[in-house]
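A short worksheet on the structure shown next.
The values are calculated or read from the model by the stated rules, or taken from the named source; none is laboratory data. Just so it is clear, the structure is predicted and the values come from calculations on it, not from any experiment. FYI the Cβ positions are ideal-geometry reconstructions off the backbone, even for glycines, and counts take in every protein chain you see. Side chains are part of the model used for accessible areas, which takes the heavy atoms of the whole protein and leaves out ligands, DNA and RNA. Shrake-Rupley method; radii C 1.70, N 1.55, O 1.52, S 1.80 Å.
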Amino acid sequence: MIHIDLKGKVVLLTGASDGIGKATADFLMKMDATVAVHYNSNQASAIELITKYPQTGSKAFKADLSIEKEVIKLFEDVKKAFDKIDVIILNAGVFLSHSTTKNTKEWFSVWKKTMDINLNSVGLLTKLGIDHFLSNKEGRFIYVGSRAVFRGETEEYLGYAASKGGMVSLARSVARSFGKQNIKSFIVSPGFTRTQMAERFIEDHGEQKVLNEIALNKLTTPEDIAPLIAMMCSGLMDHATGATIDINAGSHIR
């Protein structure tokens, strides 16, 4: 088994109770990291994670990332609990359908909710993180983007693709602007990943439809992504700051 030493690292991970976030939190704690496990509604899953690795001192934190004051409170609560944060992983996001066939008011309502969670909360946590990392003289951001940024999405997910595009541009700008201050920034760009959200798509359209799009014989799982994120947390990939690493089973090769 792969081992990446993360002992002593404090990691704030948003959207850590399900999917890619949960697999990543589990792997990081297995590597001895202390994880601030953020969740919005799935408290049971978050508690299960931290209970599994009591030796890490990890804790669960609730916040609705669509609400500005809760985003700020999340950051302040984590900082208070652990004194310092070494890595911020911006993973939480929503994938909400809003076809252009809907009326404009309804369409724009979903657009705004998507931006609040997928981009505005990310921007706010980035600013808070930069301030904290500058005072600590070191820090790392990891942004979980999407294949949609580079390949484009279907018309019912325009908001999702745009939000992830903004996130990737932000991550690159942070890398260029703050590298001399010892702040690194990375982007992980998954394609279709077997998560609870994806299972609904599979139920509607069939697994073969997804398999036909990729170059491998097996769908990507959250566990395929977690070790790469751990490497980014460790410092072993610091000279890849600003880079986007694709994990999409060969469905979009740049």
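Structure summary
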item	result
Net charge dipole size for region 1-67 [Lys, Arg +1 and Asp, Glu -1 on Cβ; Debye, nearest 20]	120
Computed magnitude of the charge dipole of the chain (debye, nearest 20; Cβ of K, R +1, Cβ of D, E -1)	640
Per residue accessible area of the chain, 1.4 Å probe, in Å²	48
Residue among Ile20, Ile4, Gln43 farthest towards the positive dipole end of region 1-74, charges placed on Cβ	Ile4
Above-threshold pairs, the threshold being 30 Å between Cα atoms, out of Lys112/Lys218; Lys7/Lys180; Lys102/Lys209; Lys79/Lys218	Lys112/Lys218; Lys79/Lys218
Inverse of mean 1/r across different Cα pairs in the chain, Kirkwood, Å	18.4
Nearest-0.05 FRET efficiency for Arg254 and Glu207, computed from C-beta distance (R0 30 Å)	0.75
Over the chain: helical MRE at 222 nm, DSSP H runs n ≥ 4 each giving -39500 (n - 2.57), nearest 500	-14500 deg cm²/dmol
Signed unit charges on C-beta, dipole axis of region 179-253, positive-most listed residue Ser189, Ser234, Asn212	Ser234
Kirkwood Rh and Cα Rg combined as Rg over Rh, evaluated for region 96-154	1.14
Approximate shape of region 46-124 as ellipsoid semi-axes (Cα gyration tensor, √5λ), whole Å, largest first	32, 14, 9
Cut-off under 5 Å, modelled amide H: who pairs with Ser185 long-range	Phe141, Gly242
Chain lengthening between Glu70 and Asn182 when straightened (0.36 nm per residue, less Cα-Cα)	37.5 nm
Theoretical gain in end-to-end length, Lys127 to Ile2 [0.36 nm per residue, Cα-Cα removed]	41.7 nm
